[in-house]
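Only one structure is covered here, and it is reproduced in the block below.
Read-outs throughout are calculated quantities, based only on the coordinates presented, and are distinct from any laboratory measurement. Only a predicted model underlies this, so the values are computations on that prediction, with no experimental measurement involved. Please note: Cβ atoms are built from the backbone with ideal geometry, for glycine as well, and neighbour counts cover all protein chains shown.
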Amino acid sequence: MIGNRTSVGLDVHARSVVACGLDGQTGELFEHRLTPDHGDVAAWVRSLPGPVGVTYEAGPTGFGLARFLAAEGIGCLVAAPSKLQRPSGDRVKTDVRDARHLARLLHLGEIVAVTVPSVEQEAARDLVRAREDVRGDLMSARHRLSKLLLRQGIVYYQGQPWTGVHDRWLRSQSFTLPGLQLAFDIAYDTMLTTVARRDRLDGAITTMAGDSEFTPVVTRLGCLRGVSTLTSFGLAVEIGDWTRLTGRSIAAYLGLVPTESSSGGSRSPGLDHQDRQRPRAPAADRGSVASPPALPPPRGGPAPPPAAGHPRGAGPRRAGQPAPGRPVGGLRCPAQAGGGGQHRHRPRARRLVLVTGRPGRLTPVVELLVGSRCPALSPLIVLPRSSASTSFVLASLRALHVDSSHTVQLPAGDRGHGGV
């Protein structure tokens, strides 16, 4: 905190607290090892030259210390661990060094603080997280029960599992071996107990969502299609103060922004919290935009040069030879059904042509690009005449791991008659 004379960094653990105070006027360091008792920490902080500011990292010890210091009139920031600046060459990490580092960052005003929830908000968060833990326990219990039966060759074929009919079918199962019967009974009882725990938590969440400080937010979120009480209540208690987030920052807060590590001319996109959007190079067995077939040469004239997507070193095609191209989505034209081997029964890839303009009359050049090499017309996307829409489609193709470097964009003069 800028404006305080002494900045205190605390390295808080369950059984000890290492404190370091930095006097901004004299540069003197005050270091001490304290007990986790909040009163002991507050008494040591009051002994330092004031005014005093305190910070510690958010962690498993919770926000009790921050609330206690705030009630005692001592300013305290709970630092976000992911936002702390750490030297890359510092390879020694101890409790004392961490406390010093926090004190220096607080003195410089480089602490990114998290929002300290109230006691009621933290209790609601514990309720939602307990329900999420029970959901995982129920999934594991059901998995263990079903796989126990599967090892005995018993499979349920009478409809959707984990319904009333399925429960009656489970109750009818019996085994002659005592050990197997006991294992089945324990797995079944565990599943029933977990279901009861989940129902109790669902009832408590429904009651709190209808009469608490989160009710207005839950009601507004419930207006969205597909958002139930459980989802809206979970968002309300986890986010808390919605005004502290914007449309950009909420995606990063929820972990939906993929990572990126780029330098100079290299770009290395990464993954988000669910390992989605993994960057993959376009390959022949994956969806990619194929280059269009070359226009037929004029009679008596020289052959045109190969297109950008034409295989390097390939000579001119002979009569009846299939046109080279890169597959799109695994569909192929009937005219390209030639060829043998184990892939002869696969449908050939169809070509994708992007035309900027409005749907309507197409020039013979476009018709030739679309249907000259394939009796069945290839997929044709006609875009509105604006660079923004074209960029949007190309970005969508890249998000779908489609190589858009070979996308056809016709010149302005070849987009149709009458200003198309």
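Output the strands (runs of 3 or more DSSP E) that fall wholly within the range 1-75 and possess 3 or more residues being buried (at least 19 other Cβ atoms within 10 Å of the Cβ), or say none.
Output list reads 6-12, 17-23, 52-57.
Output the number of the condition that residue 235 fails; it satisfies all remaining conditions of (1) part of a helix (DSSP H, G or I); (2) more than 22 Å from residue 116 (Cα to Cα); (3) under 24 Å from the mean Cα position of the chain (by Cα); (4) not polar (S, T, N, Q).
Result: residue 235 fails condition (2) only.
Could you check how many residues of the range 222-241 are in contact (Cβ under 8 Å) with a residue 12 or more places away in the chain and either surrounded by 14 or more Cβ atoms within 10 Å (Cβ to Cβ) or touching a helix residue (DSSP H, G or I) at 6+ places or on another chain (Cβ under 7 Å) (or both)?
11
Looking only at the range 52-67, decide whether some residue is farther than 26 Å from residue 253 by Cβ and out of contact with any strand residue (DSSP E or B) (no Cβ under 7 Å at 6 or more places or on another chain).
no
Out of 114, 119, which single residue is of a type in the set (A, V, I, L, M, F, W, C), under 30 Å from residue 214 (Cα atoms), within 34 Å of the chain's Cα centre (by Cα) and loosely packed, with under 15 Cβ neighbours inside 10 Å?
Unique residue meeting the criteria: 119.
Applying the selection to the range 67-99, what residues are of a type in the set (A, V, I, L, M) and under 31 Å from the mean Cα position of the chain (by Cα)?
Correct list: 77, 78, 79, 80, 84.
With the requirement that a residue be touching a residue at least 60 places away in the same chain (Cβ under 8 Å) and part of a loop (DSSP other than H, G, I, E, B), what does the range 242-257 give you?
none
Condition first: in contact (Cβ under 8 Å) with a residue 12 or more places away in the chain and within 35 Å of the chain's Cα centre (by Cα). Now tell me which residues in the range 150-178 satisfy that.
Result: 156, 161, 162.
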